[in-house]
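Notes for the one structure printed next.
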């Protein structure tokens, strides 16, 4: 009789243990399903960027990076948030990381060039714009920004080439056309 009672207690304890174990697993599954995915966090970050909520965008991209630190798009997105908050050093760090993860994407090079231009690191900015052009040769914005850097540093002939090429890519782009005309005028005045 004692053995039967002990056996019943062991079976009851075993059942209770299995019930607790199953309940714990279910709780963990529920918690995991409540956590936004990397894709959801990245989409949320992009939405916050579009809304101009840059600090919230940085938070969303940071959470995405915490879940998967190998997503170049998350680093690029967070860098844009940092850039818009004028945290250029942090932006450059994230963009460099994005480039290490995916060196075939033009946006991290383009964005890093813009950040480097802001801190007056013109030589490296020029290298990044040029690499972005190699990766996406028909992206007018790269030519416009590289042209602006060339203009800013006094290289008017090269600036005119970039603005002219950008205007050819999109003849309706007012900025490219304006900068092309402005640069041509400066060159004409220099020749006189």
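Answer with yes or no whether residue 170 is at pLDDT 95 or above, under 16 Å from residue 138 (Cα atoms) and surrounded by fewer than 17 Cβ atoms within 10 Å (Cβ to Cβ). Considered against the rule, which asks whether it is at pLDDT 95 or above, under 16 Å from residue 138 (Cα atoms) and surrounded by fewer than 17 Cβ atoms within 10 Å (Cβ to Cβ), residue 170 comes out as yes.
Looking at this structure, is residue 143 surrounded by 15 or more Cβ atoms within 10 Å (Cβ to Cβ), over 18 Å from the mean Cα position of the chain (by Cα), at pLDDT 95 or above and under 26 Å from residue 75 (Cα atoms)? Taking the combined requirement at face value, the residue satisfies it. Of all residues in region 38-67, those being modelled with pLDDT under 95 and not in a helix (DSSP H, G or I) number 0. Taking residue 123, is it assigned to a helix (DSSP H, G or I), surrounded by 14 or more Cβ atoms within 10 Å (Cβ to Cβ) and at pLDDT 95 or above? No, not satisfied.
Scanning region 43-86 for residues that are out of contact with any helix residue (DSSP H, G or I) (no Cβ under 8 Å at 6 or more places or on another chain) and closer than 19 Å to residue 99 by Cβ yields one hit, 69. In summary, residue 82 fulfils each of the numbered conditions (1) free of Cβ contacts under 8 Å to residues at least 12 places away in the same chain; (2) farther than 24 Å from residue 154 by Cβ with the single exception of condition (1). Is one or more of the residues making up region 156-163 part of a helix (DSSP H, G or I), under 27 Å from the mean Cα position of the chain (by Cα), crowded, with 19+ Cβ neighbours inside 10 Å and free of Cβ contacts under 8 Å to residues at least 24 places away in the same chain? Among the residues of region 156-163, at least one is part of a helix (DSSP H, G or I), under 27 Å from the mean Cα position of the chain (by Cα), crowded, with 19+ Cβ neighbours inside 10 Å and free of Cβ contacts under 8 Å to residues at least 24 places away in the same chain, which makes the answer yes.
Across region 174-192, what is the number of residues that are under 17 Å from residue 139 (Cα atoms), surrounded by fewer than 18 Cβ atoms within 10 Å (Cβ to Cβ) and in contact (Cβ under 8 Å) with a residue 24 or more places away in the chain? Show your work before the answer.
Quick first cut of region 174-192, residues under 17 Å from residue 139 (Cα atoms) only: 174-177, 179-180.
After this cut, where a residue has to be surrounded by fewer than 18 Cβ atoms within 10 Å (Cβ to Cβ) as well, the list is 174-175, 177.
Now narrow it down to the ones that are in contact (Cβ under 8 Å) with a residue 24 or more places away in the chain: 175.
Residues that pass the stated criteria total 1.
Inside region 65-90, residues that are over 9 Å from the mean Cα position of the chain (by Cα), surrounded by 19 or more Cβ atoms within 10 Å (Cβ to Cβ) and closer than 20 Å to residue 145 by Cα make up a count of 3.
The values are calculated or read from the model by the stated rules, or taken from the named source; none is laboratory data. Every value quoted in this text rests on a predicted model; they were computed, and no experiment measured them. Glycine also receives a Cβ, built like all others from the backbone with ideal geometry; neighbour counts cover every protein chain displayed.
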